[in-house]
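Here's the structure we're looking at; comments come further down.
What follows is calculated from the coordinates using simple rules that are stated; it is not laboratory data. Quick caveat: nothing in here was measured; it's all calculated off a predicted structure. We place every Cβ from the backbone using ideal geometry, glycine too, and count neighbours over all the protein chains shown.
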Amino acid sequence: MSGQSDVRVQTEDFDAGAEMAAMRRGDPKIGAVAAFIGLVRDVNDGSAVRSMTLEHYPGMTERALEGIVTEAKGRFRIEHARVIHRVGELQPTDQIVLVITAGGHRGDAFAACEFIMDFLKTQAPLWKKEQTVDGTRWVEARGSDDQAAARWEPRQA
């Protein structure tokens, strides 16, 4: 599908409602909008989290996210997709990531949103460092994220 795609990596917070409204404004093809918002939790792996610092590789991160969105648009019938990912130091309850997809029908909008988020977690060059009561630690990749992304891979005949 052709249409609008928007990828941003930024330190500033975002307004999810305003982003969704801007995406669908004036487009009569839109019958469904799906969104995911990821937040900083106050506990991870049993330790209290005081803050989280997200680092990225400027330019490379945006290109990786754009590639994921392009792949989603090739797999699902969506008109628009938007990904906003924050970097820098964040506190518990802060918003980290916003994924919005819009298309004619809910099934494709939901699936594309989930697909983008699954691949963002496994393929985007972003690194998380948590400040906990026990000290600072890098957040390791989770096997469950790899499993979630693997279900989207083309099946071998």
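Quick notes on this one:
- Candidate aspartates and glutamates for bridging to LYS129, where Cα separation is under 17 Å - those fewer than 8 sequence places away on the same chain excluded: ASP42, ASP45, GLU55, GLU89, ASP94, GLU140
- Additional length obtainable on full extension of the chain from TRP152 to GLU55, 0.36 nm per residue less Cα span: 32.3 nm
- A Förster radius of 22 Å, combined with the Cβ-Cβ distance separating ASP6 from SER144, puts the computed FRET efficiency at roughly 0.20.
- Rounded to the nearest 20 debye, the dipole size of the chain about its Cα centre is 480 debye, using +1 on the Cβ of Lys and Arg and -1 on the Cβ of Asp and Glu.
- Summarising the amide proton neighbourhood of VAL7: residues at separation of 5 or more, or on other chains, whose placed amide H is nearer than 5 Å comprise VAL83.
- Protection proxy ranking of 56-66, 10-20, by the mean of other Cβ atoms within 10 Å over each peptide's residues and highest first, is 56-66, 10-20.
- Residues in the range 8-19 carry Karplus couplings, in order, of 9, 10, 8, 8, 6, 5, 10, 9, 4, x, 5, 5 Hz; the curve used is 6.51 cos²θ - 1.76 cosθ + 1.60 with θ = phi - 60°, and Gly or Pro positions show x.
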